[in-house]
Amino acid sequence: MFLIIKAKLTKSELALVDEGDPDGIVSGALFKMRFPRGVVVTAYPPEIKSNYLIRAIRWDFVADLPCPGKARLRADHHLSNTPCAAVEFYDPNAPASALLALKALGLEENPTASKLVSLAVETDTAQITSQEAMDLEAAVKGADFKGKLHLIEVLAKKGVDALNDEKVKEYIERYRKNKSRTEEFAALLQPPPKEVIVFFKKDYKLSYRYLTILLEKSGADFTFILVPKGLFRYRVYAGAKPESGYNAASIVEPLGGGGHKFAAGATFRSISSAKALKKVLPLLKQALGRDSIDIIVVEDDGLKKTTLS
Ligand SMILES: [Mn+2]
């Protein structure tokens, strides 16, 4: 929040971007290319609704996030977000917000910027083919709050070459380790059922989004992962294989979440894991058209299968 105050005092342009994925981070880097003195603040989508300061500020640029209230320019492609800014580059059919940000910031002729956008498109559509896109995704996932700001800085300065920055290489390595632990876990669920619902009793710091992708690759059509995040907070990662007919976004909407049809998430509060399960159970029953739901419960002593109705 210090960043916001600093930007206002120095009259710098102020941007707000999604901190969770390369799309938001690349959008932030594009903003820094256009406004080198500008200040980028990162946030998770649920914070936009709950954070008073974020809602009170007038933002010059917002990307890959819901409307914070007052915004001059916004680039976004989320169906669940309603346009609000004075100038909107909003297209739910766009493969990435960064592509809209490229146009919004007038950087279409800039090859360094365009290259970064192509990586954001690869990651945001879950069609990663290049090593660079893989590394960028790893860097974003492996970086902590400060690391993400550093990543935005170097991406703006060096473009794709930022992936060779010493600190950025550390983020990539950190994520690689998480990834291999996640692969080991996914191997325990082979072959997965068509509809996989996993409840983690505690946060094992896996890459849960990656887990949904692994399970979908090995045969699941619908994935739903529930994990506690800190005190009284729970995070849902929902995924649906394209053409499977499931909709990941609509199932998390009642939890205050959002996203895309094929990948969506939500964070909600609950005082106990029993209550958290009670909250998601009716949503699952409705979405899957079942009276009872098979759940894989993960705890320290292993995996247990249970059926809840
Ligand atoms: Mn996006």
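The values are calculated or read from the model by the stated rules, or taken from the named source; none is laboratory data. As the structure is a prediction and not an experimental result, all values here were calculated from the model. All Cβ positions, glycine included, derive from the backbone under ideal geometry; neighbour counts span all protein chains shown. Note: areas computed on protein heavy atoms with side chains; ligands, DNA, RNA excluded. Shrake-Rupley method; radii C 1.70, N 1.55, O 1.52, S 1.80 Å.
Things worth noting here:
- Candidate set: the range 234-248, residues that are under 14 Å from the mean Cα position of the chain (by Cα) and open to solvent by 10 Å² or more (accessible area, probe 1.4 Å); chosen: the one farthest from HIS77 (Cα to Cα): ARG235
- Residue satisfying all of: in the range 118-127; more than 19 Å from ASN164 (Cβ to Cβ) and among the aliphatic types (A, V, I, L, M); most open to solvent (accessible area, probe 1.4 Å) among these: ALA126
- Leading residue by the ranking (farthest from GLY147 (Cα to Cα)) among those in the range 43-60 that are open to solvent by less than 10 Å² (accessible area, probe 1.4 Å) and within 15 Å of the ligand (Cβ to nearest atom): ILE48
- Pairs where the first residue, in the range 93-121, is within 17 Å of VAL140 (Cα to Cα) and the second is part of a loop (DSSP other than H, G, I, E, B) and among the polar types (S, T, N, Q), C-beta under 9 Å, 6+ apart: ALA96/THR125; SER118/SER130; LEU119/SER130; VAL121/GLN127
- Here GLY258, GLY230, GLY302 are screened, and the one residue that is at pLDDT below 95 and within 17 Å of the chain's Cα centre (by Cα) is GLY258.
- The criterion of at least 1 residues that are in contact with a Cys (Cβ under 8 Å, 6 or more places away or on another chain) is met, among helices (runs of 4 or more DSSP H) falling completely within the range 12-74, by 45-50.
- Taking the criterion of being open to solvent by 60 Å² or more (accessible area, probe 1.4 Å) and either at pLDDT 95 or above or touching a Phe, Trp or Tyr at 6+ places or on another chain (Cβ under 9 Å) (or both), the residues of the range 61-79 that qualify are LYS70, ARG72.
So that you can scan it fast, the table gives a plain yes or no per residue for (1) outside the structural domain of TYR246 (by TED's automatic domain parsing); (2) under 16 Å from the mean Cα position of the chain (by Cα); (3) farther than 26 Å from LEU303 by Cα:
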{"residue": "LEU116", "(1), (2), (3)": "yes, no, yes"}
{"residue": "SER130", "(1), (2), (3)": "yes, no, yes"}
{"residue": "ALA133", "(1), (2), (3)": "yes, yes, yes"}
{"residue": "VAL160", "(1), (2), (3)": "yes, no, yes"}
{"residue": "ASN164", "(1), (2), (3)": "yes, no, yes"}
{"residue": "LYS194", "(1), (2), (3)": "no, no, no"}
{"residue": "ARG209", "(1), (2), (3)": "no, yes, no"}
{"residue": "LEU215", "(1), (2), (3)": "no, no, no"}
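- Scanning the range 149-174 for residues that are in a helix (DSSP H, G or I) and surrounded by fewer than 22 Cβ atoms within 10 Å (Cβ to Cβ) yields a total of 17.
- The lone exception for VAL252 - which of (1) free of Cβ contacts under 8 Å to residues at least 60 places away in the same chain; (2) in a strand (DSSP E or B) it fails: (2)
- Check on GLY230, of a type in the set (Gly, Ala, Ser), farther than 28 Å from PRO92 by Cα, assigned to a loop (DSSP other than H, G, I, E, B) and open to solvent by 30 Å² or more (accessible area, probe 1.4 Å): yes
- One residue alone among LYS148, LYS141 is of a type in the set (D, E, K, R), under 16 Å from the mean Cα position of the chain (by Cα) and over 17 Å from ALA63 (Cα atoms), and that residue is LYS141.
- Evaluation of LYS201 against (1) in contact with a Phe, Trp or Tyr (Cβ under 6 Å, 6 or more places away or on another chain); (2) open to solvent by 60 Å² or more (accessible area, probe 1.4 Å); (3) of a type outside the set (Val, Ile, Thr) (one fails), failing number: (1)
- Counting the residues of the range 95-117 that are surrounded by 17 or more Cβ atoms within 10 Å (Cβ to Cβ) and either within 15 Å of the ligand (Cβ to nearest atom) or in a loop (DSSP other than H, G, I, E, B) (or both) gives 14.
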